[in-house]
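The values are calculated or read from the model by the stated rules, or taken from the named source; none is laboratory data. This is a predicted model, so every value here is computed, not measured. Every residue, glycine among them, receives a Cβ derived from its backbone with ideal geometry; neighbour counts consider all protein chains shown.
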């Protein structure tokens, strides 16, 4: 587990943001032309401790453990 989750996630999110600004060209052999792909991130899933860690919240064993930004 990385010590700083933001430094771990930033490179991947940076590349997704770059592809949203400048779409990825993909060759469509069926239509014989290039398609432009702009990927998006829909969900980030994990178990309860992992989601608390990714969100920067107190985990399930904290004094006030809550998933609803308590």
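Let me confirm something: among 63, 50, which residue is loosely packed, with under 11 Cβ neighbours inside 10 Å and either on the phi < 0 side of the Ramachandran plot or modelled with pLDDT under 90 (or both)?
Every option except 63 fails the conditions.
Of the conditions (1) modelled with pLDDT under 85; (2) loosely packed, with under 11 Cβ neighbours inside 10 Å; (3) out of contact with any helix residue (DSSP H, G or I) (no Cβ under 7 Å at 6 or more places or on another chain), residue 41 clears all except one; give me its number.
Result: residue 41 fails condition (3) only.
Within region 2-27, work out how many residues are closer than 14 Å to residue 56 by Cα and exposed (fewer than 10 other Cβ atoms within 10 Å of the Cβ).
Qualifying residue count, region 2-27: 4.
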